[in-house]
Amino acid sequence: MRIDAIVLREIHMPLVRPFETSFGVTRNRRIVLAEVQSEGLTGWGECTAGEHPFFSGESTDSAWQVLASELAPMLAAESPEHGGECPRIFRAVRGNPMAKAALENAIWDLEAQREGISLSRLIGGVRESISCGVSLGIQSSIPELLAIVERELAAGYQRIKLKCKPGWDVEVFERVRSHWPGILLSCDANSAYRLHDQDHIESFDAFDLLMIEQPLWHDDFYFHSVLQKRLNTPICLDESIRNRRDALAAIEMESCRMINIKLGRVGGFSEAIAVHNAALERGIPVWCGGMLESGIGRAHNIALSTLEGFTLPGDVSASARYWAEDIVEPEVTVSSEGEIAIADTPGRGYEARTDLIEKLTVRKETIRAMALVA
Ligand code: OSB
Ligand code: MG
């Protein structure tokens, strides 16, 4: 595929409600989108870096710099046939997986369109619908949280994940469990605990949680394996898993019994599929995480979730939970059974609303291959 142009945009989208984790509160998203134009087709990708380098080392601004100055010029100089060629094209740049994923995923999207098949089919997806859960931020009171849990269960969501941290954990789990003893319930600490909290974390076992996500350091395997030995509840790693080798190490060390796969965190579809395959071969269930994505990133998450090993409900939920107006058509909707149906149309299955995207754009840069001088 000849790359005609790569358009980078930063768009601003206010969340319909703030989202609070152990590392901070997000009210407004600053999202970098990559639009790759090739031979009359347009592929879209989303960079899932946060506004601040609090989840990982990347941020909206750092990703913009790396995309505009390094990655987009590298890609524009090539004519990739497959999204799977991107890791080689970007090999010289270390780290920066979320920036890389924005471009790589746009190429996968383009490839699916060119082949006339859905992105799900292109990556080998086997599901016609995917199971959805919700990730609920830290609230200002337990009654407020209970009202939200009630609403999300009524909407059909199959699993409730509670963001937690010291001071917002056992009492919260106790109150939610006493109202809903049978639901799939999990928690996500985003690295809020330390080794001296081990006894405290062990007390989470009383609440029959499906998993405890990333309780310890963002870059750790060893101490998670020490903790996992003391717990009945499975640990799920999110932040720690950057690639297939990390997944193999974590599985071998028994640092976790489940893995959250995020396209941005691992650098795009190639590595996400490799992590998935490694986990599937070893009987480790995976699920698709979320990063408060717009409809573009959400569409990619939906396609990824159709792979065989995605047997647990993911953090992939309806557009309306995040945005007054999403940038895709149709918006992402979830059935009363808590499922998203997979479209069989070519590409990502959700059209980009280019007029709205243009309106939300606060910076824009177009990168083209350097013209050859005759
Ligand atoms: O750890 O899964 C996480 C959001 C931002 C950063 C990290 C995480 C999250 C979520 C939100 O849990 C999932 C979503 O609804 O997109
Ligand atoms: Mg997480």
Q: Read through the list (1) touching a Phe, Trp or Tyr at 6+ places or on another chain (Cβ under 8 Å); (2) aliphatic (A, V, I, L, M); (3) assigned to a loop (DSSP other than H, G, I, E, B); (4) within 30 Å of residue 344 (Cβ to Cβ), then give the number of the only condition that residue 126 fails.
A: (1)
Q. If the Cβ limit is 7 Å and pairs must be 6+ apart or interchain, which residue in segment 10-34 that is free of Cβ contacts under 8 Å to residues at least 12 places away in the same chain pairs with which residue that is surrounded by 20 or more Cβ atoms within 10 Å (Cβ to Cβ)?
A. none
**Q.** The listed residue being under 12 Å from residue 103 (Cα atoms) and either in the same structural domain as residue 93 (by TED's automatic domain parsing) or in a helix (DSSP H, G or I) (or both), out of 10, 70, 20
**A.** 70
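Let's see how each residue does on (1) in a loop (DSSP other than H, G, I, E, B); (2) more than 16 Å from ligand 2 (Cβ to nearest atom); (3) charged (D, E, K, R); (4) in contact (Cβ under 8 Å) with a residue 40 or more places away in the chain:
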site	(1), (2), (3), (4)
290	yes, no, no, yes
312	yes, no, no, yes
325	yes, yes, yes, no
332	yes, yes, no, no
Q. Of all residues in segment 1-26 being basic (Lys, Arg) and surrounded by fewer than 19 Cβ atoms within 10 Å (Cβ to Cβ), which is nearest to residue 212 (Cα to Cα)?
A. 17
Q: Working only within segment 331-350, note down all residues that are touching a helix residue (DSSP H, G or I) at 6+ places or on another chain (Cβ under 9 Å) and not hydroxyl-bearing (Ser, Thr, Tyr).
A: 331, 332, 334, 338, 340, 342, 343, 344, 346, 347, 348, 349
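Take segment 199-210 and flag every residue that is outside any helix (DSSP H, G or I) and free of Cβ contacts under 8 Å to residues at least 60 places away in the same chain. Steps first, answer last, please.
Step one: of segment 199-210, the residues outside any helix (DSSP H, G or I) are 208-210.
Residues satisfying the conditions are 208, 209.
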Q: Could you grab the pairs with beta carbons closer than 6 Å, sequence gap of 6+ or different chains, first residue in segment 130-152 and farther than 13 Å from residue 18 by Cα, second one basic (Lys, Arg) and modelled with pLDDT under 95?
A: none
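I need the full set of residues from segment 149-171 which are away from ligand 2 (no atom under 16 Å from the Cβ) and in contact with a strand residue (DSSP E or B) (Cβ under 6 Å, 6 or more places away or on another chain), in order please. Talk me through it step by step, then tell me what you get.
Quick first cut of segment 149-171, residues away from ligand 2 (no atom under 16 Å from the Cβ) only: 149-158, 166-167, 170-171.
Within segment 149-171, 149, 152, 157, 158 qualify.
Within segment 187-210, how many residues turn out to be within 12 Å of ligand 1 (Cβ to nearest atom) and under 15 Å from residue 233 (Cα atoms)?
Residues of segment 187-210 within 12 Å of ligand 1 (Cβ to nearest atom): 187-192.
Among the residues that remain, those that are also under 15 Å from residue 233 (Cα atoms) are: 187-189.
So the count comes out to 3.
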Q. Are any of the residues in segment 27-44 touching a Ser or Thr at 6+ places or on another chain (Cβ under 9 Å), crowded, with 17+ Cβ neighbours inside 10 Å and of a type in the set (Ser, Thr, Tyr)?
A. yes
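If only one of 219, 188, 208, 246 is assigned by TED's automatic domain parsing to the domain that holds residue 298, more than 30 Å from residue 274 (Cα to Cα) and at pLDDT 95 or above, which one is it? Quick ask: steps written out before the conclusion?
On the way: 219 fails: more than 30 Å from residue 274 (Cα to Cα); 188 fails: more than 30 Å from residue 274 (Cα to Cα); 246 fails: more than 30 Å from residue 274 (Cα to Cα).
Only one candidate passes the filter, namely 208.
Looking only at segment 224-283, count every residue that is among the β-branched types (Val, Ile, Thr), closer than 28 Å to residue 203 by Cβ and either within 16 Å of ligand 1 (Cβ to nearest atom) or not in a helix (DSSP H, G or I) (or both) and tell me the total.
Kept after step one, since they are among the β-branched types (Val, Ile, Thr), are these residues of segment 224-283: 226, 233, 235, 241, 251, 259, 261, 266, 273, 275.
Restricting the remaining residues to those that are closer than 28 Å to residue 203 by Cβ gives 226, 233, 235, 241, 251, 259.
Filter once more, keeping what is either within 16 Å of ligand 1 (Cβ to nearest atom) or not in a helix (DSSP H, G or I) (or both): 233, 235, 241, 259.
Total meeting the criteria: 4.
The values are calculated or read from the model by the stated rules, or taken from the named source; none is laboratory data. All values reported here derive from a predicted model rather than from experimental measurement. FYI the Cβ positions are ideal-geometry reconstructions off the backbone, even for glycines, and counts take in every protein chain you see.
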